[in-house]
Amino acid sequence: MHYTLHYEQETDYHVIGLSVVRTVDFLSKSVNEMCIKMKTELQKCLDGETFRGGDKELMEMTIRAKRLLKELQSIDYADTVAKRAIHEKLFGSIGHDVYIDLDFHCEYGKHIRIGNKVIINMNCTFVDNNIIEIGNNVLVASNVQIYTATHSTVAAERVNLESKPGEEFCRTYALPIKIEDHVWISGGAIILPGVTIGKGSVIGAGSVVTRSIPENCVAVGNPCRVIRNIEIHEI
């Protein structure tokens, strides 16, 4: 009898223990689901998920950037000190010896990170819903466009067809872009979401870069393709 009683008690113990484990698992999953649901639109944006561009926080970021850009346009062209002060407010980070010409456009500004010794020439547009990271010793020619934001190619996913008047109807997501050290992006090139341009590479004028480009090569065309490697003695 003693053995039977002991066995029953042990069985009860295991059942209770299993119940506790299941309860902990359930609570853990519930917490994770709550965290996902509690994501801000900014977090969704940076995580590559669909986000609402009309969200209050994101709209405030956009308005702040546009006001700083307007202020930048009004500063005397020769006043490098005042321009630098605006750049430091506008961008997430900016290194030394950075030259940015007039008619520069961006979305938030704070998602743009610029290294040292960088030139961004006239009339460039950086749509920085997600992070745009630019390394050191980078040349960006005139009319270059860098887009982190994109949409589904499926119309029903791209636009909320059932939205009411005044409601947000466009569905957008964004992917980060990285331009590594010693890169030259020639005039009129377009860099699309999720692309990395490898160290030392050159992007030809008018190219549309749809996929990442490896280090130390020359890539041109639409879509942009590698046409030759840059030899070590050329670097």
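The values are calculated or read from the model by the stated rules, or taken from the named source; none is laboratory data. Since this is a predicted model, take the numbers as computed values, not measurements. Cβ: placed from backbone, ideal geometry, glycine included. Neighbour counts: every protein chain shown. Calculation scope for accessible area: heavy atoms of the full protein, side chains included, ligands and nucleic acids excluded. Shrake-Rupley method; radii C 1.70, N 1.55, O 1.52, S 1.80 Å.
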Between the range 173-235 and the range 78-131, the Cα center-to-center distance that results, in Å | 20 Å
Multiply the residue gap between Thr153 and Leu175 by 0.36 nm, knock off their C-alpha separation, and tell me the result in nm, one decimal place.
-> 6.4 nm
Starting at the first residue of the range 104-115, write each ³J(HN,Hα) from the Karplus equation 6.51 cos²θ - 1.76 cosθ + 1.60 with θ = phi - 60°, in whole Hz, x for Gly and Pro.
-> 8, 10, 8, 8, 10, x, 5, 8, 9, 10, 10, x
Long-range amide H partners of Ile131, meaning residues 5 or more apart or on another chain whose placed amide H is closer than 5 Å, are Ile177
Which links in Lys66/Lys117; Lys70/Lys178; Lys39/Lys199; Lys89/Lys178 stretch past 31 Å when you go from one Cα to the other?
-> Lys39/Lys199
Between beta-carbons, use under 11 Å as the cut-off and find the net charge around His151, counting Lys and Arg +1, Asp and Glu -1.
-> +1
Chymotrypsin sites (Phe, Trp or Tyr not before Pro) restricted to DSSP loop in the range 155-235 with at most 16 other C-beta within 10 Å | Phe169
Descending accessible area (1.4 Å probe), largest on the left, turns Lys83, Lys66, Lys39 into Lys66, Lys39, Lys83
Percent of accessible area on the range 97-207 owned by carbon and sulfur, 1.4 Å probe?
-> 53 percent
Sparsely packed chymotrypsin sites (Phe, Trp or Tyr not before Pro) within the range 67-105, loop by DSSP, other Cβ within 10 Å at most 16 | Tyr77
Using modelled amide H (1.01 Å from N, peptide plane; none on Pro or chain starts), what sits under 5 Å from the amide H of Thr196, excluding residues fewer than 5 places away?
-> Lys178, Ser212, Ile213
Based on the Cβ-Cβ distance of Glu167 and Ser74, what FRET efficiency does E = 1/(1 + (r/R0)^6) give at R0 = 30 Å, to the nearest 0.05?
-> 0.25
Residues of the range 59-131: accessible area per residue with a 1.4 Å probe, Å² = 51 Å²
